């Protein structure tokens, strides 16, 4: 059985595509941007629920191996805010707005979380989540990355995500870790699970 080597990532964010490709480069898996449909984003406090719901809408329309990812920055001082609403908060308040909310913070602990939902042949197959703990810095640092990367320093390093080159960020990234879990799971399960065999390959084999 030929091994599937291409996943389709439903996102409009080119930075996420780059991170995903870096995360699976060692596994001989290609990541292609999936632009055929628009991602549905429900309002919910659970990232896994958001990712699974978005995937459920897509797998009804395609047999391709596709995954969606939802992520957020959870700041302890703000009781987990902005969390699942991080993209909206970044667009409305921006980095400086969040820093202003942190002026009287007694703790600057925070974590980035990511959930990735994967399916193919019209079926949901798996969801993977990961997190990266760190701290919020009082000032923006760095010009790489996107979103709140300039103010988040992962644990065990002194750089913000925005100060890291892509290869270094992949070591710490919540998103890279979740997508790596997907890749490792797939490589293992595809050896024994027919649901992970592309339909067109099944037809050719008959």
Two-decimal Rg/Rh across segment 6-205, once Rg and the Kirkwood Rh are taken from alpha-carbon atoms:
1.00
Give, in nm to one decimal, the length gained when the segment between residue 133 and residue 63 is fully stretched (0.36 nm per residue of separation minus the Cα-Cα distance).
21.6 nm
How would you rank 191, 159, going from fewest to most other Cβ atoms within 10 Å of each one's own Cβ?
191, 159
Sort 20-32, 67-79 by the packing proxy (mean of other Cβ within 10 Å over each peptide's residues), most packed first.
67-79, 20-32
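A short reminder: the numbers here are calculations on the coordinates, not readings from a lab. These numbers come from a predicted model, not from an experiment. Neighbour counts run over all protein chains shown; Cβ positions are idealised from the backbone, glycine included.
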